Amino acid sequence: MTMIQVNNLIKNYKKVEALAGVDIHVKPGEIFAYLGPNGAGKTTTIRILTGLTQATSGTCSINGFNIEKQVCQAKQQYGLVPQAINLDQELTVQENLIIHGWLYRMKSADISSRIHALLDYVELSEKKKSQVKTLSGGMKRRLMVARALLHGPKVLFLDEPTVGLDPGIRRKIWALIKKIQTTGTTIFLTTHYIEEAEFLADRVAFLDQGRIVALDTPDRLMENLGAWAIDRLVEDGMETVYFKTRHEAERFNTLKSEQFTLRRVNLEDAFLDLTGKKVK
Amino acid sequence: MIHGIIAIYVREMLILRRRLTRQIPSWSISPFLYLTAFSYAVGQGVEIAGHTYMEFLIPGLIAMSSMTQAFAIASEINIARFYWHIFEEFQASPISKVSYVGGEVLAGMTRAMLSILVIMALGFLFGVRLNYGLAFFIALLLNSFVFASLAVALAMVVKSHADQSMLNSFIITPMAFLGGTFFPIDRLPAWAGAVLNLLPLTHASKIIRAACLNEPLSIFSYFLLLAIGILFFFIAVRCVEKAKD
Ligand SMILES: Nc1ncnc2c1ncn2[C@@H]1O[C@H](COP(=O)(O)OP(=O)(O)O)[C@@H](O)[C@H]1O
Ligand SMILES: [Mg+2]
């Protein structure tokens, strides 16, 4: 059973090839991170999956519903938190949510009970009657998450959910995402923050210039390199060397005397190794 | 389908309600200036087909305002689309394109109607008594339907807010002046009259004025506006479908 299925997805803008044949299968209940540098094609993928952009070719389905042939059913399956804040700033928190409920054909009684529960969930209950423009950036993000969950979707799309947020608020959003996963919701998130993918994701796809260059669990992606890394200064910049064990790494380093740091291998190493460039 | 229309319409109305204290003065200012300037400075002693200039002018202002205010939703849609990105929320939601256009068009029509109430009140204060009957309201609804539908269609086609103001300057403002609002077009040379007769606003002014002044109505103009309105509505639906990038 696949919750999100993407087959050979291609998107060409006039001059740019944004997606060059992407295949994704996301399983029910997993957090799937779509990791790549700016311009890799992450937003384009989410926009196609959520009906905002027309694909050049390829097929996509969500919970078994084809996004082009069964538009309405497919759209009921997911909630979207886009990259840019798209709330009605002049309206109140509650009004924003009610309108969303109507857009998704919810019954009035369900709308009020869900609003109550979700505002509690994202810790915005006191702000119910406040105009959105009076909320902080982190609150707006949480409100967007609550809105996307209002109609009880099976899948939640999050496009760069923590971009531009303070580290503390970022962790709060991470905790929220993990909490949502425990309710059985499948989560597809894009990010260019390595540590976000590493912390949250069950599986990660590395996207580079419209192509998936690797797709696996974070552990397996890193495993190929080894467990430990040494970053050291060399004549033409930085060099990273990988080792199976800490012991090996330490022994390697006694032979050299330059400046170095010893650390665990992370996803960034895996990405660098595959693409030859930094994510950011 | 009704759900979607209501969602879109109520959203616009909630926003309008918040702005109403600013909107009402803005709806009154230009009619007030026109009424003062044209009636006292220009209109004294001018008579058009047995009516004072004031009686001629107010229906023209009503036709004009119902057009500009219905069309003004184009700017709202644009701001919602390019600045607030709220259009994405509608695009991602399972409502039909017809619902979206229907909700926005109704919002534009409501806005037009409210702005007309302001002019009717002003006319009353200026001591002008006109006949605001059923024929009058139907004509108004049709006129605002035409321009609200046009507004939605154009709002989907433009690429930025700057393009939108171009449309206002090149289409709406000239039409507002030439569409039989301030002067009777039958006083123009025949060719000019023929050209202006192609504008929907000319027909709207004609029937709105005739209804206000208890004169014979041109049924043809009613049906013409209805037909143009339906045409624009479906063009708008097509444009919403094409608005994916
Ligand atoms: N509407 C558009 N028109 C033309 N090119 C676009 C458009 N949207 C995105 N692109 C291009 O497609 C590529 C992928 O963009 P995007 O999906 O936004 O990347 P990401 O979200 O990974 O940063 C970029 O090269 C970008 O410039
Ligand atoms: Mg992006």
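Details
- The set of residues in region A:20-41 being open to solvent by 10 Å² or more (accessible area, probe 1.4 Å), within 16 Å of ligand 2 (Cβ to nearest atom) and not small (G, A, S) consists of A:P37, A:N38.
- So B:G60, is it open to solvent by 10 Å² or more (accessible area, probe 1.4 Å), away from chain A (no Cβ under 14 Å) and more than 17 Å from A:H100 (Cα to Cα): no
- At least 2 residues being under 14 Å from B:F147 (Cβ atoms) is the threshold, and among the helices (runs of 4 or more DSSP H) wholly inside region B:46-103 those reaching it are B:53-71, B:73-78.
- Breaking point among (1) more than 10 Å from chain B (Cβ to nearest Cβ); (2) over 19 Å from A:A175 (Cα atoms); (3) without any contact (Cβ under 8 Å) to a residue 40 or more places away in the chain, for A:K133: (3)
- Exactly one residue out of A:I4, A:I67 is away from ligand 2 (no atom under 14 Å from the Cβ) and in contact with a helix residue (DSSP H, G or I) (Cβ under 6 Å, 6 or more places away or on another chain): that is A:I67.
- Count of residues meeting criterion [among the charged types (D, E, K, R) and within 16 Å of ligand 2 (Cβ to nearest atom)] in region A:170-210: 2
- Checklist (1) open to solvent by 60 Å² or more (accessible area, probe 1.4 Å); (2) away from chain A (no Cβ under 14 Å) applied to B:T36, failing item: (1)
- Looking across region A:42-64 at every residue that is away from ligand 2 (no atom under 16 Å from the Cβ) and of a type in the set (A, V, I, L, M, F, W, C), the one that is farthest from the other protein chains (Cβ to nearest Cβ) is identified as A:C60.
- Residue check for A:P167: open to solvent by 10 Å² or more (accessible area, probe 1.4 Å), more than 14 Å from chain B (Cβ to nearest Cβ) and either farther than 25 Å from A:I62 by Cα or within 16 Å of ligand 2 (Cβ to nearest atom) (or both): yes
- Within the set B:F124, B:F136, the sole residue that is outside any loop (DSSP other than H, G, I, E, B) and open to solvent by 30 Å² or more (accessible area, probe 1.4 Å) turns out to be B:F124.
- If the condition is being farther than 30 Å from B:L35 by Cα, out of contact with any strand residue (DSSP E or B) (no Cβ under 7 Å at 6 or more places or on another chain) and within 14 Å of chain A (Cβ to nearest Cβ), then region B:91-120 contributes B:Q91, B:S93, B:P94, B:I95, B:S96, B:K97, B:V98, B:S99, B:Y100, B:G102, B:G103, B:E104.
- Failed item in (1) of a type in the set (G, A, S); (2) in contact (Cβ under 8 Å) with a residue 12 or more places away in the chain; (3) open to solvent by 30 Å² or more (accessible area, probe 1.4 Å), with A:A249 passing the rest: (3)
- Some residue of region B:4-15 being within 12 Å of chain A (Cβ to nearest Cβ), in contact with a helix residue (DSSP H, G or I) (Cβ under 6 Å, 6 or more places away or on another chain) and among the hydroxyl-bearing types (S, T, Y): yes
- Residues that are open to solvent by less than 60 Å² (accessible area, probe 1.4 Å) and either without any contact (Cβ under 8 Å) to a residue 12 or more places away in the chain or farther than 14 Å from A:L80 by Cα (or both) occur in region A:147-164; there is at least one.
- Note on region A:1-19: residues that are farther than 15 Å from A:S61 by Cα and open to solvent by less than 40 Å² (accessible area, probe 1.4 Å) amount to 3.
- Of the listed requirements (1) touching a Phe, Trp or Tyr at 6+ places or on another chain (Cβ under 6 Å); (2) over 18 Å from B:Y222 (Cβ atoms), B:N168 misses just one: (1).
- Residues of region A:41-53 satisfying the condition of being more than 11 Å from ligand 1 (Cβ to nearest atom) and without any contact (Cβ under 8 Å) to a residue 40 or more places away in the chain: A:G51
- Residue in region B:164-223 that is surrounded by the fewest Cβ atoms within 10 Å (Cβ to Cβ), counting only those that are closer than 27 Å to B:G133 by Cβ and of a type in the set (S, T, N, Q): B:N214
- Within region A:65-104, restricting attention to residues that are touching a residue at least 24 places away in the same chain (Cβ under 8 Å) and open to solvent by 50 Å² or more (accessible area, probe 1.4 Å), the residue that is nearest to the other protein chains (Cβ to nearest Cβ) is A:Q76.
- So A:N38, is it within 16 Å of ligand 1 (Cβ to nearest atom) and within 14 Å of chain B (Cβ to nearest Cβ): no
- Looking only at region A:1-47, and only at residues there that are of a type outside the set (D, E) and farther than 28 Å from A:G276 by Cα, the one that is farthest from the chain's Cα centre (by Cα): A:M1
- Test result for A:L135, touching a strand residue (DSSP E or B) at 6+ places or on another chain (Cβ under 6 Å), buried (at least 16 other Cβ atoms within 10 Å of the Cβ) and of a type in the set (A, V, I, L, M): no
The values are calculated or read from the model by the stated rules, or taken from the named source; none is laboratory data. As the structure is a prediction and not an experimental result, all values here were calculated from the model. All Cβ positions, glycine included, derive from the backbone under ideal geometry; neighbour counts span all protein chains shown. Ligands, DNA and RNA are excluded from the accessible area calculation, which covers all protein heavy atoms including side chains. Shrake-Rupley method; radii C 1.70, N 1.55, O 1.52, S 1.80 Å.
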